[in-house]
Amino acid sequence: MKIRIVTTRSKAKAVQIVRYQNYKRVVLRHIGSAHSQEALDELLLLAEEWIKDYKNQLSIFPDEHPNNLLHLNHSTFVGVKYGFFSRQIYAIQDSIGLGSLPALLNDLVAIRIFEPASKFRSLELLEQFFGIKHSRKTYYKIAPNCIEFKEMVQQKVIAFAKACYAFNYDLLFYDVTTLYFETFEEDGLRRNGFSKDNKSQQPQILIALMVSKEGFPVAYDIFPGNTFEGHTFIPFVKAFIEKNRVKDFTIVADAAMISSENIKQLIQNRINYIVAARLGNLSGTQLDIICNTLQREDGKSIRIKTDMGYLICGYSSVRYRKDKHEMEKQIEKANQVIEKPSRNKNVKFTQSEGTKIMLNQTLIEKTKKLLGIKGYYTDIEESIVDNATIIERYHELYRIEQAFRISKRDLQTRPIFHFKEQPIKLHLLICFMALVISKHIELKTGISIRKFIDESKKVVEGEILNHATQKIVTIKAKPSPKMIEMTNRIFSPH
């Protein structure tokens, strides 16, 4: 195999790679033509590179890599890959125990974290950013079966939480949210109901989520959109306890989950609870006891025995200022309605007598008594857990709100464009798995999942097509010290 230089009719120098076989010359490759010595020298280098690549022989010089010698005039930038990010996500999936799931499911989870999109757009992004190709035919074939893995995923996640976060069921936080659809047609699952997204005209579903005291997701479920959120509480908790054979269990939830029937069910099933109390629903006698007993000092609290369990009331000067400001705004709004009656008569602190609208002084006085006071119901004896700890545990309910924010903002769980039950359930399974991984990254690194993704995107793999060899050369960026430190934290056993 030799390099041959031929003078063309236009007096240019053509560079060819030839081989002599049976006394005949065979042109293997025409490299190009040059009209100057500089251009000719460049073509000769390209020819030498092509021969080395064609022979596929190892060089005796250790620093010589024939396909890594690039000439910008004979190369084309193809695109970038984010293999470093995808490798981190797949390693996390393996550590959780999700690596045995269908590759398509794990790939959709990875791209959901990296760049949320529709399922078919996700297939395109997987090939573009990770170099992973799935056909639509494969998606249609496998996707319906993926929802069968919901229970297995939750069991794997719980086992991982036990190993990584010493999860032992002692304290769990429960809440629900709504996810609306880009349609106005209802069915058995997608129903109109009270929307937390202010989309009351569009059908929705109700998503129940349970997280550990660290905020790590351990279980979820789906309910029809017209389900009252308080009615999801007991079925979800009982099912979770039965599946996992839990003995000692304390659930923390907001006031929407509390009712006399729910409390009865919790007590019958020996489930410890800490839930917010609606103090406005208390009787006058109970309200007087609170006002006469509770000291208006930060950190002070009282405990009263009621039909709903122990009612713990705590005072905060910060809450007092907030409550007072809100009350004054609502009274001002009520006065505006009284002065200029409008169609909107359902304003707090107003009452009607026939056609006349006036201030509800009784309600105002009741509200004043409760300024700065927050109530909590629990069945836990004070000798086991004191009032301050009960209040502190309830305030950790913000962790589940954080999980919902990650799900809705970073993973873009909403809005949902699916219209059939199977794709909806698959979408929620993918989003739950993505939430588990995202929250694990946040807990281990101490930064948001968005910042982690932004830092990961700096570790790119540029792809350049070498026209001499018709092969793609990958140029990899090295992870920054910050990225290496975050990776070490994620996979650290402690």
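Restricting to segment 16-55, name every residue that is in a strand (DSSP E or B), out of contact with any His (no Cβ under 6 Å at 6 or more places or on another chain) and more than 18 Å from Ser75 (Cα to Cα).
Within segment 16-55, Ile17, Val18, Arg19, Tyr20, Gln21, Lys24, Arg25, Val26, Val27, Leu28 meet the criteria.
Just give me the residues in segment 455-484 being touching a residue at least 40 places away in the same chain (Cβ under 8 Å) and of a type in the set (Ser, Thr, Tyr), in sequence order.
Passing the criteria: Ser456, Thr469, Thr474.
Scan segment 7-29 and report the pairs whose first residue is touching a residue at least 24 places away in the same chain (Cβ under 8 Å) and whose second residue is among the small types (Gly, Ala, Ser) and not in a strand (DSSP E or B), with Cβ atoms within less than 7 Å and a gap of 6+ or a chain change.
That search, which allows pairs on different chains as well, returns Val15/Ala47; Ile17/Ala47.
Taking Thr474 as the residue in question, decide whether it is modelled with pLDDT under 85 and part of a loop (DSSP other than H, G, I, E, B).
no
Quick one: Gly193 ticks every box in (1) at pLDDT 80 or above; (2) crowded, with 17+ Cβ neighbours inside 10 Å bar one, so which box is it?
Condition (1) is where Gly193 drops out.
Need pairs with beta-carbon distance below 6 Å; first residue over 18 Å from Glu396 (Cβ atoms) and within segment 247-266, second assigned to a helix (DSSP H, G or I); sequence gap 6+ or separate chains.
That search, which allows pairs on different chains as well, returns Ser259/Gly230; Asn262/Phe233; Asn262/Ile234; Gln265/Ile234.
For segment 231-345, give me every one of the strands (runs of 3 or more DSSP E) that falls completely inside it and has 3 or more residues that are of a type in the set (A, V, I, L, M, F, W, C).
250-253, 272-277, 309-315
Name the residue, out of Ala39, Ala34, that is in contact (Cβ under 8 Å) with a residue 12 or more places away in the chain and under 20 Å from His467 (Cα atoms).
Residue meeting the stated conditions: Ala34.
Collect the residues in segment 159-179 that are surrounded by fewer than 20 Cβ atoms within 10 Å (Cβ to Cβ) and either hydrophobic (A, V, I, L, M, F, W, C) or closer than 14 Å to Leu104 by Cβ (or both), keeping them in residue-number order.
Ala159, Ala163, Cys164, Ala166, Leu171 - these are the residues of segment 159-179 that are surrounded by fewer than 20 Cβ atoms within 10 Å (Cβ to Cβ) and either hydrophobic (A, V, I, L, M, F, W, C) or closer than 14 Å to Leu104 by Cβ (or both).
Among (1) surrounded by 14 or more Cβ atoms within 10 Å (Cβ to Cβ); (2) out of contact with any helix residue (DSSP H, G or I) (no Cβ under 9 Å at 6 or more places or on another chain); (3) not charged (D, E, K, R), there is one condition His325 misses while meeting the rest; what is its number?
Against the list (1) surrounded by 14 or more Cβ atoms within 10 Å (Cβ to Cβ); (2) out of contact with any helix residue (DSSP H, G or I) (no Cβ under 9 Å at 6 or more places or on another chain); (3) not charged (D, E, K, R), His325 comes up short only on (1).
Evaluate segment 386-397: report whether one residue or more is in contact with an Asp or Glu (Cβ under 8 Å, 6 or more places away or on another chain) and in contact (Cβ under 8 Å) with a residue 40 or more places away in the chain.
Yes, segment 386-397 has at least one match.
Of the residues that make up segment 367-377, is at least one under 15 Å from the mean Cα position of the chain (by Cα) and in contact (Cβ under 8 Å) with a residue 40 or more places away in the chain?
no
The values are calculated or read from the model by the stated rules, or taken from the named source; none is laboratory data. This structure is a prediction, so every number in the text was calculated from the model and none was measured. Every residue, glycine among them, receives a Cβ derived from its backbone with ideal geometry; neighbour counts consider all protein chains shown.
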